[in-house]
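The values are calculated or read from the model by the stated rules, or taken from the named source; none is laboratory data. All figures in this text were calculated on a predicted structure; none of them were measured in a lab. Because the Cβ atoms are built from the backbone with ideal geometry, glycine has one as well, and the counts that use them run over all protein chains shown. Side chains included, ligands, DNA and RNA excluded: accessible areas come from the protein's heavy atoms. Shrake-Rupley method; radii C 1.70, N 1.55, O 1.52, S 1.80 Å.
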Amino acid sequence: MELNALLSGELAPYREAWRVERRADALPLSALIDGSRLPEALAALERSHPGAPRRAQVSQWAKHYLRLLLPLAVAGAVAGLAMPLSPARVGLRLGDDGLPAALEVDHLGLPQPDADLAERYRPLLVDHLPPLLERLADYGKLSRRVLWNSAGNLIEHLLQHWREDGLEAAAVHADWLFQTRRRDDGGHNLLWQPVRYVESFLAPVPSPVRLRRLCCLRYELPGEVCCATCPLLPNKSEEELHALLRRWRAAES
């Protein structure tokens with residue numbers, strides 16, 4: 001299946017997340033990983049939430065970045081394409097709001113039809129995410145598992161979307177990514193079971209309810225509340241849950 005077919009409907013906007021061109025004002029990803037330009041990349045979020053815990057700022061910045069990176073990266077793996085994710089060859093553009101707006105890459109994937117899943121995901125899971133998320137975790141003084149859970153949460157959403165669209169390969173990819181605690185090399189699988197589906201704990205909300213494994217800390221930012229997949233929700237009172245439900249619905253309207 002081609003990238004455009006995978007990224008259609010509600011996923012179509014993600015096609016514009018990668019640009020095969022270079023701009024002088026783009027931040028080299030390698031400069032974020034070595035730390036030299038990471039404060040510059042995070043400055044806008046720090047300005048918009050002054051005094052907020054840095055760990056919450058970094059966690060939310062990572063979610064913005066992952067929304068640029070993952071839809072095309074995972075679609076490429078499903079489509080059997082080698083994706084150009086070496087940090088030395090990726091640039092990050094910031095938008096007018098100072099948040100991640102686009103990634104600059106060399107191409108939008110090259111055919112590798114005979115590659116197994118480990119080869120397909122190596123650019124993402126070996127070359128790209130580990131050094132970036134380790135640097136962000138160190139800078140924000142938060143657990144790397146929170147950042148990896150944000151990645152797993154979005155990847156699971158993408159694969160479930162394609163699975164519901166009838167793409168059988170999506171289930172195979174999900175099993176390989178999420179169902180083993182250790183990788184083939186013996187290392188911990190930081191994407192292990194990133195979400196769980198539970199019975200509803202609030203009458204207006206139907207079952208199953210999809211929850212992240214770990215909280216992304218959004219509620220620590222001034223003016224923000226828990227997201228609709230927060231694992232802390234089952235511990236809240238019915239009054240608190242109804243208030244959150246009103247906030248989420250108002251944000252969607």
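General observations
- Looking across the range 183-196 at every residue that is open to solvent by 100 Å² or more (accessible area, probe 1.4 Å) and modelled with pLDDT of 90 or more, the one that is nearest to P231 (Cα to Cα) is identified as R196.
- Contact annotation: residue pairs with Cβ atoms under 6 Å, 6 or more positions apart or on different chains, pairing a residue in the range 197-218 that is at negative phi with a partner that is surrounded by 15 or more Cβ atoms within 10 Å (Cβ to Cβ) and among the hydrophobic types (A, V, I, L, M, F, W, C), are V198/V209; S200/V209; L202/L241; R210/V195; R212/V195; L214/V146; C215/C230; R218/C227.
- Scanning the range 213-234 for residues that are touching a Phe, Trp or Tyr at 6+ places or on another chain (Cβ under 6 Å) and either of a type in the set (G, A, S) or crowded, with 18+ Cβ neighbours inside 10 Å (or both) turns up C226, A228.
- Residue count for the range 197-211 satisfying the condition of being of a type in the set (S, T, Y) and open to solvent by 50 Å² or more (accessible area, probe 1.4 Å): 2.
- Residues within the range 220-253 that are part of a loop (DSSP other than H, G, I, E, B), out of contact with any helix residue (DSSP H, G or I) (no Cβ under 6 Å at 6 or more places or on another chain) and not aliphatic (A, V, I, L, M), tallied: 8
- Here E21 does not fit the description of being in a helix (DSSP H, G or I), acidic (D, E), over 18 Å from L154 (Cβ atoms) and open to solvent by 30 Å² or more (accessible area, probe 1.4 Å).
Results for (1) surrounded by fewer than 17 Cβ atoms within 10 Å (Cβ to Cβ); (2) within 23 Å of L159 (Cα to Cα), shown as yes or no for each residue.
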residue: G51; (1), (2): yes, no
residue: S59; (1), (2): no, yes
residue: A88; (1), (2): yes, no
residue: L103; (1), (2): no, yes
residue: L110; (1), (2): yes, yes
residue: L124; (1), (2): no, yes
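- Unmet requirement for L42, which otherwise passes all of (1) over 15 Å from D138 (Cα atoms); (2) out of contact with any Gly (no Cβ under 8 Å at 6 or more places or on another chain); (3) surrounded by 11 or more Cβ atoms within 10 Å (Cβ to Cβ): (1)
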